[in-house]
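Novice: Handing you a structure now.
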Amino acid sequence: MEESLKSMSIDYLNLLINGQAFSDVTFSVEGHLVHAHRCILAARSIFFRNFFCGDGDADAPPSLLNPHSPRSPPARGAVIRVSSVGYEVFLLLLQFLYSGQVSIQLQKHEPRPNCGDHGCWHTHCTAAVDLALDTLAAARSFGIDQLAFLTQVQLISFS
């Protein structure tokens, strides 16, 4: 049974990684387009279920600027602007929704504006803590309690 769930998790994550394959929603985050699947997001997140099915201001442009404001569902084909979280955090959030797993780690040796050590592996530095804190805030904003818990565990391991 565990192997079957792991395989399903990998299959769903591959849907996200492969971009437009069967996608029916597109997000714009910090100038990057992210293709996703409404049914997966809605099944895994009350926020997205309400976002895609909710009611509110029909004239408002599709946006995730304020995750707690009521609005009308975005039209099919509309690009939804995400300005409440950064690109890296949004991908981590989606990674968790698709697979049930997340690795809150920065890319090793990738230069970070808040990490002065160019040889840093970003496991306990300020940049890694900032990413975890941003992920925790996003998980809480989007009502993804399991991700918030996993992020808190990650933060505890930094001490």
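The values are calculated or read from the model by the stated rules, or taken from the named source; none is laboratory data. What you see is a predicted model, and the numbers here were worked out from it, not measured in a lab. Every residue, glycine among them, receives a Cβ derived from its backbone with ideal geometry; neighbour counts consider all protein chains shown.
Novice: With the structure loaded, tell me whether R49 is at pLDDT 75 or above, crowded, with 17+ Cβ neighbours inside 10 Å and not β-branched (V, I, T) or whether it fails that test. Walk me through it before giving the result.
Specialist: Details: at pLDDT 75 or above: yes; crowded, with 17+ Cβ neighbours inside 10 Å: no; not β-branched (V, I, T): yes.
In short, no.
Novice: Any chance you could count how many residues in region 1-37 are modelled with pLDDT of 90 or more and either more than 16 Å from R81 (Cβ to Cβ) or among the charged types (D, E, K, R) (or both)?
Specialist: Matching residues across region 1-37 total 1.
Novice: List the pairs whose first member sits in region 76-97 and is among the aromatic types (F, W, Y), whose second member is surrounded by fewer than 16 Cβ atoms within 10 Å (Cβ to Cβ) and part of a strand (DSSP E or B), and whose Cβ atoms are under 7 Å apart, counting only residues at least 6 apart or on separate chains?
Specialist: Y87/H32
Novice: OK, next. Which residues, taken from region 123-142, are outside any helix (DSSP H, G or I) and either closer than 17 Å to G86 by Cα or touching a Pro at 6+ places or on another chain (Cβ under 8 Å) (or both)?
Specialist: To start, the set of residues in region 123-142 that are outside any helix (DSSP H, G or I) comprises 123-125, 142.
Residue satisfying the conditions is F142 alone.
Novice: Of (1) under 26 Å from I46 (Cα atoms); (2) surrounded by fewer than 18 Cβ atoms within 10 Å (Cβ to Cβ); (3) modelled with pLDDT under 90, P111 satisfies all except one. Which?
Specialist: The one condition P111 does not meet is (1).
Novice: Taking region 1-33 on its own, how many of its residues are of a type outside the set (A, V, I, L, M, F, W, C) and either in a strand (DSSP E or B) or over 18 Å from the mean Cα position of the chain (by Cα) (or both)? Step through it out loud before you land on a result.
Specialist: Let us first name the residues in region 1-33 that are of a type outside the set (A, V, I, L, M, F, W, C), namely 2-4, 6-7, 9, 11-12, 14, 18-20, 23-24, 26, 28, 30-32.
From what is left, the residues that are either in a strand (DSSP E or B) or over 18 Å from the mean Cα position of the chain (by Cα) (or both) are 2-4, 6-7, 26, 28, 32.
Total meeting the criteria: 8.
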